[in-house]
Every structure is written in structure tokens, then in C-alpha cells.
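Since the structure comes first, as C-alpha cells, the remarks are kept for the end.
The values are calculated or read from the model by the stated rules, or taken from the named source; none is laboratory data. None of these values were measured; they are calculated from a predicted model. Neighbour counts run over all protein chains shown; Cβ positions are idealised from the backbone, glycine included. Just so you know, the surface numbers come from the protein's heavy atoms only, side chains and all, with ligands and any DNA or RNA stripped out. Shrake-Rupley method; radii C 1.70, N 1.55, O 1.52, S 1.80 Å.
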Amino acid sequence: MKHIFTKIFLGFLSVILIFTLTILYFSYQIIKESYQNNLKQNLININHTLEPELMPYLIDNNTHELDSLVKFLGNNLKARITLINLAGVVLADSKANPMNMENHADRPEIISALTNQEASSVRHSFTVNKDMLYVAIPIKSDGKLLGVSRISIYMDEFDSLINKLIFKILELLIYVAILILLFAALFSIRITKPINNLVLTAKLLASGDFKARATANTKDELKLLADVFNNMTEKLELYFNQTVQQKEELSNIIYSIQEGLVVTSTQGRIIQFNPGFTKATNGATPLVGKFIWEYLRENQIAKIIKKMESSTSAITTEIQIKDDYFLCSVNHINTNKELVFIFSNISELKKFENIKKEIVVNVSHELRTPLTVIKGYLETLEDDVDEKNRNYIKIIKNHTDRLINIVQDLLTISQLEEKNLKINYESIDLSKFFININETFINKLREKDLALKIELDNNINSIVADSFKLEQVFINLIDNAIKYSETGEITINVRNNDESIRFEITDTGIGIPEKDLERIFERFYTVDKSRSRQMAGTGLGLAIVKHIVLLHRGKITVESTTGKGSRFIIVLPSGNLN
Ligand code: ADP
């Protein structure tokens, strides 16, 4: 990772390098060009100054004197002077013997000068073996061209001059660059110092030091950033303290509640638990990280965890751990990553419930015989009394019937609730089953002039269920349908659905008001108390029906319209059924 300081510094350095090289390149070009132009112009001027001195010798064609004069002048001027005639022959030269020099008619500056133009050229001179700048002018007398005067200087002198100048510029640029770099370093330090401070503070914050604060001795955005950062830290500290406090409070609550509470992973590994849970484990000390079933050796716990994998809602079930009974409720927390178990000890409640059940069963048993005896005597008495007393006997008989029914229903419910209740699954021939049911009700149906219709789907012949209990279901439902219908018919429709069998028991009776529909399966719930009593109803019939349906892992619902009739719908899974 490159530091900001290095980045800024390198950035400045590259800008300076590019800047310096560009300036050097262009200044070299400009200086060279302007210096060369200047030099050329000077040499042209000198040439013109020499012209009157050289002219007489040229006119006289006195080459000897001319060459001496040229050598003298060239020496004084520190430049090379050459005189050439119209044929390109060198007449005089300040540096060489003109006799040894070749014809100059082909030199570019001479060609131009012979056409009356001042001209210059930079070339290598083989005579002196150096790069030279040549400037040539035509020499004329009365408009007549006599020859060419050429002055030349060595380019190396010119180059060293330019180089000296460039070197001076470079020197200056280096000073400026050093100054700029110094400034860049200071600037980088000024920027990176508060940033580094911010980084350090953030690290302290990450390690849990909420007292750390960022500083920035500037008045720019960095200062603003530091202020915002400090503000954020303060808020973070506040929220953190609040969270810690809330966590502590929550821990205290969890610790002090009597119910056993365990939080586990979805696989059942313990994450957190309270002392209430230790009680449920019978004193074994649970450990975080272990599986919950290592402490509660109950098959049900593993089953619940398995079930929770596919369930999104809470599961509440009763479990027995050694001699204690617990109501175990499990739910997802932390968006389905954890499970929370709550174990409420219901052993005492269970004990009372059992006592209550026992009392109900015992009382029912004890009442059954005397009630049957009373009913028998009442029937005997009925024939021997006068009309007025017969009416009283009828009322007493009706109430006795009700009592016998209640006792019978209570015994049935107690049997159904027995822990070790066995469901005797067997294949039931449905046609025969409903013929029997029909026979049971033949008199009652006739009394009220009602019809019973059985509609059995062709593809269902038999069903696997507890025949005695299923019979109880239909007896109760049809009995109700007869009780609460005055005219019309009762229909039993049996259909095969995909994975279930659907029974519909429909009547054309008085119907059930909508507000009661939800509660009619409750024990002792009756819609119209006096009517139910008249019919010797107990309010337990539908409770028994629902219990049996649930034992078969089925579902029961009801639809009804007052004055029109009711329909009870039972759906039994065909898992048990053929
Ligand atoms: P009960 O012995 O009083 O009939 P149930 O538990 O069998 O008790 O029924 C509960 C109540 O539901 C009844 O009191 C009655 O008001 C109502 N009920 C049940 N079946 C029917 C029906 N087929 N038509 C109208 N009302 C019904």
C-alpha cells in the first residue's frame, strides 16, 4: 500500500519533471533559433561593412592583396571570410590558401548569392573539418555583380554558447523544482497528518476505545471530516453503552425467570441458557457448545429441532423429562439462525389435571349404575301413575337421560384422552359401515320423517381407521343433524381427494349462527342451552368428534347458514387409509 504522502510527492515530482523538460526543450529551440537569426543578421551586416573595403581589390582583380586583407580582417573578426568570383573560384580566404580550395559554385549560399540574394547555410566544412554557419552576400558595383563575400563562424562556439545558456536555465529550474518539492513535502505532510490521525483514531475505535478522538489543525474539509468522525464516535459510544446496558438487563431477566430458557443453533448446539434450564436437566451442568439433547435425553427434542428446519412458526409441545412434565415451546430467533427453547414445568398442573380426570372418571362410573336404575324405575312408574304425574315422570326421565348421556360422554372423553390410548386401525368396508349407521338411526329418522342419503365415490370401497371411534364420529354428527332438523334430508358424501378422503355431512336443519361456529367444538358449548337440554344434549358430542378426528390426524370444519342447514367437513389423510 502506497502512503498518501508518497503519492502526493511522486505526483508533484512527475509534474515538475515534465514541466522542466518541456521548458528546456522549448527554450532551447527558441533561443537557438533567435540566436541563429541574430547571428546571421550580424554576419550580413559585417559583410556589408566589409564590402566597400574589398570592392577595389575585386575590381582590380588584385587577389594577392585581397587575400592578405581578408586574412587580416578575418583574424580581427574571429571569423572566416571567403571571397568568391562569379565562376565560383575562391579568390581569398582568411583561414586557408585559396589556391588549394575547390570551386565553390555548388555551395547553396553561393548559388543564392550569385542570383543576387543574401543567403545562409549550416554545413560541415571539409576545409576546416568543422560544422559552420555560412552567410553570403553578393558584391555589386554600379549594379554589376562582381563576386560573393562570405563570412562563416564555427558552430561549436555557437553550440557551447547555447549550452551555457541552457545550463543556466536548467540550474534555475532545478532551484525552482527543489523549492516546489519542498513545498510539496510540506503540503503532503499537512494533508496526511490529519488523515493519519483519523486512521489511528479509527483503529483505536475498532479496538473498543470509544474515548479516542480525531484532531485536525486545519480549517478545511479535513477538519470537517474529523469533527463528523468525532461526532459519530460519540454517538457510537452512546449506542454501544445502551446496547451493553440492554444486554445486561436482558441477561438479568433471562437469569431470573423461573422457566428454563436455552438458545441453540439450528442444529441444537447450546449458545446460552439460564438456571431454570439447569433445573430441567436434573442438576447436570449444561455447557455452551454442547448439544441440547446431551442434557435432555428425550427423543422429542431431536424431533422438534428437525421439525423446526422446515417450520417458520413456533412449536409448542408437552414433553416428559424423567418424572417431570414440561411445556416446551420453540421458536426461531435472529432471522432463523438460532432457536429459543422455553421449558415451563407443568408437573403440578398435570397432577391436578390427572386428579380432576380421575374424579370425573370415578364420579361418572359411580353415577352410571344408579342413573340406569333410576331410569328403569321411572319407566316402570310411568305406566302406573295418572296423567298429571306422568308428565312429571316424563320430565324427570328426560333429565335422567341427559345425565346418563353426560356421564357416558365424559367417560368417552376420558378414554380418548388416556395417555396410552390405542387406535385400532383396521380396514372398514364403507358400504357396510354406512348401512349399519343407517340402521342405528332408522327409528329416529322415521319419527321426524327425515331421509338419510349416502353418496359414496365409486373409487373408494374401504378405509383404514379405528372402526369403533369412526362410528362414534358419525353417530354424533348424524344424531345432531336429526336433533336440529325438522324437515328435509341428511346427506353423507364421501370423496377421494389427492392425499386425503373428504366426508361431508350436510343437513337441512336450523343451522348454526356465525358467531358460534368457532366455538361449537369446545366442551359443554351449546348454541341454545334450553333447546339442547330439551334434546337431552350434553355439549360434548362435537368435542368427542373433533378429538377422534385429530387422533386420526385429520381435520374437521363446519359451514352453516341459519335457517338453511349445516355442513360438517372431515378430511382424513389417506396415509392411514385405503
Ligand atoms: P349437544 O349435545 O348439545 O348437541 P354438541 O357438542 O353435539 O352438543 O353440539 C354443540 C352445539 O352445536 C349444539 O348445542 C348445537 O347448538 C350445535 N349443533 C351441532 N350440530 C348441529 C347441527 N347439525 N345443526 C345445528 N346446530 C348444531
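See the values below:
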item	result
Tail beyond 18 Å, pair distance distribution of the stretch 451-560 (Cα, percent)	52 percent
Anisotropy class of the stretch 503-545 from Cα gyration tensor, a/c 1.5 cut	rounded
C-alpha center-to-center spacing [the stretch 48-62, the stretch 269-341] in angstrom	127 Å
Tensor-based shape of the stretch 125-172 (alpha-carbon gyration tensor, a/c under 1.5 rounded, otherwise prolate or oblate)	oblate
Dimensionless Rg ratio for the stretch 208-256, taking C-alpha atoms and the 2.2 N^0.38 Å reference	1.68
Estimated 222 nm signal from helices in the chain, with DSSP H stretches of n ≥ 4 weighted -39500 (n - 2.57), rounded to 500	-19000 deg cm²/dmol
Trypsin sites (Lys or Arg not before Pro) restricted to DSSP loop in the stretch 360-460 with at most 15 other C-beta within 10 Å	419, 422
Cα long-axis angle, helix 221-256 against the chain (0 to 90 degrees, to the nearest 10)	20 degrees
Whole-Hz ³J(HN,Hα) from phi, Karplus 6.51 cos²θ - 1.76 cosθ + 1.60, for the stretch 445-462, glycine and proline x	5, 5, 3, 9, 6, 10, 10, 10, 10, 10, 10, 10, 4, 4, 7, 10, 10, 9
Loop sites in the stretch 528-562: trypsin sites (Lys or Arg not before Pro), DSSP, at most 16 other Cβ within 10 Å	553
19 Å Cα-Cα threshold exceeded, pairs from 306/351; 453/546; 307/337; 448/555	306/351; 453/546; 448/555
Backbone N under 17 Å from the residue 126 label point (7 Å along Cα→Cβ), restricted to the stretch 59-97	89-90, 96-97
Alpha-carbon centroid distance for the pair the stretch 531-550 / the stretch 217-255, whole angstrom	64 Å
Whole-Å semi-axes of the ellipsoid equivalent to the stretch 350-416 (Cα gyration tensor, √5λ, descending)	32, 9, 8
Semi-axis lengths (Å, descending) of the ellipsoid that matches the C-alpha gyration tensor of the stretch 257-343	18, 14, 12
Gyration tensor (alpha-carbon) shape descriptor, the stretch 345-474, a/c threshold 1.5	oblate
Sparse-neighbour loop sites [chymotrypsin sites (Phe, Trp or Tyr not before Pro); the stretch 160-268; at most 16 other C-beta within 10 Å; DSSP]	210
The chain - percent of accessible surface contributed by carbon and sulfur, probe 1.4 Å	56 percent
With at most 15 neighbouring Cβ atoms within 10 Å, loop GluC sites (Glu not before Pro) (DSSP) excluded, longest segment of the chain	103-417
The stretch 376-413 versus the stretch 425-448: alpha-carbon centroid distance in Å	26 Å
Rounded to whole Å, sorted largest first: equivalent-ellipsoid semi-axes of the stretch 4-161, Cα gyration tensor	43, 15, 13
Ratio Rg/Rh, restricted to the chain and using Cα atoms, in which Rh is the Kirkwood radius	1.62
Å² of accessible area per residue within the stretch 78-153, as computed with a 1.4 Å probe and no ligands counted	45 Å²
